[in-house]
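The values are calculated or read from the model by the stated rules, or taken from the named source; none is laboratory data. These numbers come from a predicted model, not from an experiment. Here the Cβ positions follow ideal geometry from the backbone for every residue, glycine too, while neighbour counts run over all protein chains shown. The area values use the complete protein model at the heavy-atom level, side chains included, leaving out ligands, DNA and RNA. Shrake-Rupley method; radii C 1.70, N 1.55, O 1.52, S 1.80 Å.
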Amino acid sequence: MDCIDLRSDTVTWPTPEMRQAMANAAVGDDVFGDDPTVNRLQDEAARRFGKESGLFVTSGTMGNLVAVLAHCGRGDEVILGDKAHTFVYEAGGIAVLGGVHPHTVPVQPDGTLPLDLIRQAIRPDNIHMPVTRLILLENTHGSMSGVPIPKDYIDSVGEIAQEHGLALHIDGARIFNAATALNCDVADLTAAADSVTFCLSKGLCAPAGSILVGSREFITKARRVRKILGGGMRQVGVLAAAGLIALNTMTRRLADDHANARRLAEGLAAMPQFEIDLTSVQTNIMFFSLRDDAGITAPQLADKLKAHNIKLMSMGQRDFRIVTHYWIRPEHVDQVLAAIQEELPS
Ligand code: TLP
């Protein structure tokens, strides 16, 4: 990449190997089910997750929207975290386009929703109330420093869902980061879920695309919803070719991104101007803040770093989010720490 961009892992460029595979991809009309590269990607993704079928969608947002609309009808309710990406950052799509009512539960610092609050949120059979249909979890949890949520917890939520005849969807935009950090298999980690969305872009470097996996019946329904949303694409094997490399190769190297995040977080923690909770830095995302007396605001520091060819995301006057990814190497981490040190008022 042409700069050190730490704003998100969404900024990643496709690798040279991906560009090559894209140029040579076998393609067909995917709305007819004729694209061999898309079909292979969907099948391999489903197999990797131990689910029956997969569906290629344009983005994580579309994957979650398609999943919610395929699980729920108008007036149904989904229980999800108050800081879930689907609740906060997907433009209210589930309500706008699906008439699905979000019922939020406070997300804990470890990314979980308290089990007793999930139980309390499930509606009784009462004509005054919406009908609870779905529970949605996010793993890793983006707004909670990318913490990975362990299998035991997901299984417990799965049991609650089963007891009440509800479905469980996981927004696994970064589920491979979670599996890497937890040292487990994604199929095992998500076994209790009826559906999972994961992103081929972000840390896996594909230029676009996400996959939704679930049962054959569910994916048949989801395919229709995707068409309604205008997400039926044609010779999209050119993207799926990059997606196959994302799925099969890039998922194996995420520990490097986590190690770089750790190195960066420890460097920041050593600077007295910053506050950072090192225990929260478990994958590739970290949040940290400037102390009140740092003598510089977050936007001012981010602005000064531009001259060093470094892009950081400031949030408000004191806070930052940093995300590491494939294009950030250990030497970049050292460069960033040195530049920050240079620009902080002494
Ligand atoms: N997250 C983006 C922004 O939208 C905030 C980022 O930079 O982190 N689920 C989770 C947990 C996500 O973090 C994101 C993207 C999505 C879904 C949506 O994916 P896309 O951007 O492909 O629609």
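Would you check which residues across segment 139-160 are open to solvent by less than 20 Å² (accessible area, probe 1.4 Å) and outside any loop (DSSP other than H, G, I, E, B) and list them?
Across segment 139-160, the qualifying residues are H141, G142, V147, I154, V157, G158, I160.
Residues of segment 180-190 being open to solvent by 10 Å² or more (accessible area, probe 1.4 Å) and touching a residue at least 24 places away in the same chain (Cβ under 8 Å), which ones?
Answer for segment 180-190, where residues must be open to solvent by 10 Å² or more (accessible area, probe 1.4 Å) and touching a residue at least 24 places away in the same chain (Cβ under 8 Å): T180, A181, L182, C184, A187, D188.
Would it be correct to say that G230 is at pLDDT 95 or above, of a type in the set (G, A, S) and touching a strand residue (DSSP E or B) at 6+ places or on another chain (Cβ under 8 Å)? Walk me through how you get there before you give the answer.
On the way: at pLDDT 95 or above: yes; of a type in the set (G, A, S): yes; touching a strand residue (DSSP E or B) at 6+ places or on another chain (Cβ under 8 Å): no.
Spelling it out, it is not the case that G230 is at pLDDT 95 or above, of a type in the set (G, A, S) and touching a strand residue (DSSP E or B) at 6+ places or on another chain (Cβ under 8 Å).
Restricting to segment 191-232, name every residue that is closer than 21 Å to M18 by Cα and surrounded by fewer than 20 Cβ atoms within 10 Å (Cβ to Cβ).
P207, A208
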